[in-house]
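Visitor: One structure follows; several queries about it will come next.
Please treat every number below as a calculation from the coordinates, not as lab data. All figures in this text were calculated on a predicted structure; none of them were measured in a lab. Don't worry about glycine lacking a Cβ; one is built from the backbone with ideal geometry, like all the others, and counts go over all protein chains shown.
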Amino acid sequence: MLWIVLLAAVIVATLYVISRYNTLVRLKHNVSKAWSNIDVLLKQRHDELPKLVEVCRQYMGYENDTLTRVMEARNRVQQARSSGDLQSLGPAEQALRSGLAGLFAVAEAYPELKADNGFQHLRSRITALENEIADRREFYNESVNQNNIQIEQFPDILIARLFGFGPRAMLTFSAEETRDPDIRALFS
């Protein structure tokens, strides 16, 4: 009889550990999936920006500094994205956001550009991508938060340590990086 109780206890404990392990695996993959969703949108925006800059270049020949800032910022975002460097991504994103705000502000001075169908389409596409990226960042951070909480709770912390599950980094942006760009300062 004692053997049956011990065997049942071992089976229950094993099933519990398996259940907790599977939960940790699911959370880990949710974080990876959330990052992949952001990465896809960043890639789409990365691909759209040269088209926008080219359309603008046709109308704004002497505004090359603004166009150059957008492309340089785009490249910094791409480098941070490719390397998975979440610390560099925030400042690079802010520089790109400022560059786009400057580009859209300069475009206001070009009625022909504002009326161009290609420009209107690209502007709305990039704006939509920006909104989707913001939504995905929120989802990513929620996934990271769930993962990090779970691996710190008892008894999951024991299973997490045993199997090497670690905390993940949130996407964080400083107050300066999240502040709306000062359009006047961009052109001073």
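Visitor: Find out how many positive minus negative residues lie around Tyr110, taking Lys and Arg as positive, Asp and Glu as negative, among other residues whose Cβ is under 11 Å from that of Tyr110.
Guide: -3
Visitor: Kindly provide the Kirkwood hydrodynamic radius of the stretch 90-148 in Å, to one decimal, from all pairs of distinct alpha carbon atoms.
Guide: On the way: mean 1/r = 0.0750 Å⁻¹.
Kirkwood hydrodynamic radius for the stretch 90-148: 13.3 Å.
Visitor: If you don't mind, there's one more thing I want to ask. Starting from the exponent 0.38 and prefactor 2.2 Å, build the expected Rg for the stretch 25-87 from its residue count and divide its actual Cα Rg by it.
Guide: 1.45
Visitor: Label points 7 Å out from Cα along the Cβ direction at Ser83 and Ser36: separation in nm?
Guide: Computed distance between label sites Ser83 and Ser36 equals 2.5 nm.
Visitor: With springs only between Cα atoms under 10 Å, which of Val70, Val12, Val31 fluctuates most in a Gaussian network model of the chain?
Guide: Val12
Visitor: Something else now. Pick from Ile159, Ile18, Ile151 the residue whose mean-square fluctuation is largest in a GNM of the chain, springs joining Cα atoms under 10 Å.
Guide: Ile18
Visitor: Let me ask something additional. How long are the three semi-axes of the equivalent ellipsoid of the chain, in whole Å, if each is the root of 5 times an eigenvalue of the C-alpha gyration tensor, listed from largest down? Provide the component values of the computation, followed by the final result.
Guide: Details: eigenvalues 488, 44, 26 Å².
Equivalent ellipsoid of the chain: 49, 15, 11 Å, largest first.
Visitor: Once the other residues with Cβ under 15 Å from the Cβ of Met60 are scored (Lys, Arg +1; Asp, Glu -1), what is the net sum?
Guide: For residues surrounding Met60, the net value is -1.
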